[in-house]
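Trainee: Just passing along the structure, written as structure tokens.
The values are calculated or read from the model by the stated rules, or taken from the named source; none is laboratory data. For clarity, every value in this text was computed on a predicted model and none was experimentally measured. Virtual Cβ from ideal backbone geometry, glycine too; neighbours counted across all protein chains shown.
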């Protein structure tokens, strides 16, 4: 993976442990120093090389001259009064902004992270795409959303969903770097089975990810039961149609044994009819999967809507057809916790 740099210095938080060992060897240092530094960065989570007290002053100066330790700055923190959801707006080193959301469940705390500044995918019901795409996030910037959320909230995060701003598979290499670092036994040591990756359907990358057999749960933004409807709301379907996508999902399950989760935003008058439910049951027949129904979020630029009754009605259509379909619990409704809205409002 190409080095991530900030102002001419290597972003040390974006380096995996093997990459850090190679970097130190190139500087004439012993490989074991990498584990010490990795521990300072990812276990103790220090913000400066001067805090690394078991390293010599000479080595700390050398590190300072070659590397930088990236950071995020909390611009806004919103706390829900109804369900303890926390929403963060962060400023990155270059002035761009991203969001993440801490969600509290019975089984523990989960964190929704962003993987890009903006999004290229153009899904018509999504706030993240309206402000346009700026750049990919580096592994450190995905990782720091976890570190900052735990530091600020005082909560231990037990699972992560890559479902915030951006398309994770469009930032494939940096997302894999994040997976490597966050799951490292010498660092945070989070099992990748506790991580879900949400994609709008970049089929070649789904197939690449399947071959790695990482244990990551694949969450696919489907939102339609046929090509006509899906192409109308999700331009990516013109590149990889719904049948290619479902075929890739079947292969992902065959390779990994991980059940697929399909996200389906119920939009009144667009994809919520009994006929849509029947098409969906045929499309997904034989695939070990779960359908997660989502009330569509209201955004000013789009005339899409859901009602509680329409979502429940569509769920009944599916369950009557023998499909495993649930309605996503709405969290942080009083703080607009859906990703993309806070960044867009702040940057307008």
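Trainee: Tell me, which helices (runs of 4 or more DSSP H) wholly within the stretch 189-272 include 3 or more residues that are closer than 25 Å to residue 327 by Cα and over 18 Å from the mean Cα position of the chain (by Cα)? Give the derivation first.
Mentor: Values: elements: 203-212, 227-233, 242-256.
Per the criteria, 227-233, 242-256.
Rundown of residues vs (1) touching a helix residue (DSSP H, G or I) at 6+ places or on another chain (Cβ under 8 Å); (2) crowded, with 21+ Cβ neighbours inside 10 Å; (3) touching a residue at least 40 places away in the same chain (Cβ under 8 Å), yes/no style:
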{"residue": "263", "(1), (2), (3)": "no, no, yes"}
{"residue": "266", "(1), (2), (3)": "yes, yes, yes"}
{"residue": "274", "(1), (2), (3)": "yes, no, yes"}
{"residue": "280", "(1), (2), (3)": "yes, yes, yes"}
{"residue": "285", "(1), (2), (3)": "no, no, no"}
{"residue": "290", "(1), (2), (3)": "no, no, no"}
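Trainee: Could I ask something else about it? Do you know which of the residues in the stretch 122-137 that are in contact with a helix residue (DSSP H, G or I) (Cβ under 7 Å, 6 or more places away or on another chain) and surrounded by fewer than 23 Cβ atoms within 10 Å (Cβ to Cβ) is modelled with the highest pLDDT?
Mentor: Restricting to residues being in contact with a helix residue (DSSP H, G or I) (Cβ under 7 Å, 6 or more places away or on another chain) and surrounded by fewer than 23 Cβ atoms within 10 Å (Cβ to Cβ), the top hit is 136.
Trainee: Do we find that residue 188 is assigned by TED's automatic domain parsing to the domain that holds residue 99 and either under 19 Å from residue 253 (Cβ atoms) or buried (at least 19 other Cβ atoms within 10 Å of the Cβ) (or both) in this structure?
Mentor: The answer is no for residue 188.
Trainee: Based on this model, can you work out whether residue 114 counts as modelled with pLDDT of 95 or more, buried (at least 24 other Cβ atoms within 10 Å of the Cβ) and in contact with a helix residue (DSSP H, G or I) (Cβ under 8 Å, 6 or more places away or on another chain)? Working first, answer last.
Mentor: Details: modelled with pLDDT of 95 or more: yes; buried (at least 24 other Cβ atoms within 10 Å of the Cβ): yes; in contact with a helix residue (DSSP H, G or I) (Cβ under 8 Å, 6 or more places away or on another chain): yes.
Taking the combined requirement at face value, the residue satisfies it.
Trainee: Sticking with this structure for a sec: So, in the stretch 24-57, of the ones that are outside any loop (DSSP other than H, G, I, E, B) and in contact (Cβ under 8 Å) with a residue 24 or more places away in the chain, which residue ends up farthest from the chain's Cα centre (by Cα)?
Mentor: Ranking the candidates gives 33 first.
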